[in-house]
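The values are calculated or read from the model by the stated rules, or taken from the named source; none is laboratory data. Every value quoted in this text rests on a predicted model; they were computed, and no experiment measured them. We place every Cβ from the backbone using ideal geometry, glycine too, and count neighbours over all the protein chains shown. Just the protein is used for accessible areas: all its heavy atoms, side chains included, with ligands, DNA and RNA removed. Shrake-Rupley method; radii C 1.70, N 1.55, O 1.52, S 1.80 Å.
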Amino acid sequence: MSSKIKVLIPCDEANHVCDKTQYKDASLWEKIKLNIHLIYCKACRQYTKSNTKLTKTMNKSQVKCMDASAKETLKENFEKVLNDK
């Protein structure tokens with residue numbers, strides 16, 4: 001077995017780590033590998049920039065989601081109307 005540490009990652013893995021970072025699921029080692037990848041990959045830097053902008057926009061927005069009971073009531077009403085036809 002080789003004892004080399006794999007530091008360079010392909011773009012698809014870098015984008016996956018970027019997404020994991022957005023949701024605070026990436027490990028420190030993944031973040032390090034992502035940052036090394038971003039040094040030499042312009043496309044992934046742009047992807048990361050767009051992803052960061054999206055995250056900030058969503059965090060700034062004050063979107064309010066429907067609670068679970070309201071969703072269930074809406075679902076039941078839809079099913080009732082669909083079954084009546």
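What number comes out for accessible area per residue over the chain if the probe is 1.4 Å? Units Å², please.
Numbers: 7430 Å² over 85 residues.
I get 87 Å² per residue for this part.
For A26, which sequence-distant residues (separation of 5 or more, or a different chain) have an amide H within less than 5 Å of its own amide H, given hydrogens modelled in the peptide plane? Residues meeting the amide H criterion: T21. Spin-label model, K20 to E72: label points 7 Å out along the Cα-to-beta-carbon direction sit 3.5 nm apart. For the peptides 12-22, 48-58, the ranking by mean Cβ contacts within 10 Å, running from highest to lowest, is 12-22, 48-58.
Sorted on the mean count of surrounding Cβ atoms within 10 Å across their residues, most packed first, peptides 24-34, 71-81 read 24-34, 71-81. Can you send over the carbon and sulfur percentage of the accessible area for the chain, probe radius 1.4 Å, protein chains only? Summing carbon and sulfur atoms, their accessible area is 60 percent of the total for the chain.
When the alpha carbon gyration tensor of the chain is reduced to an equivalent ellipsoid, its three semi-axes come out at 42, 17, 12 angstrom, largest first.
Listed here are the pairs K20/K64; K20/K75; K6/K42; K60/K80; which of them are more than 29 Å apart at the Cα? Can you show the working numbers first?
Values: K20/K64 23 Å; K20/K75 31 Å; K6/K42 21 Å; K60/K80 37 Å.
Pairs exceeding the cut-off: K20/K75; K60/K80.
For T55 and L82, a Förster radius of 30 Å and the Cβ-Cβ distance give a FRET efficiency of 0.25, rounded to the nearest 0.05.
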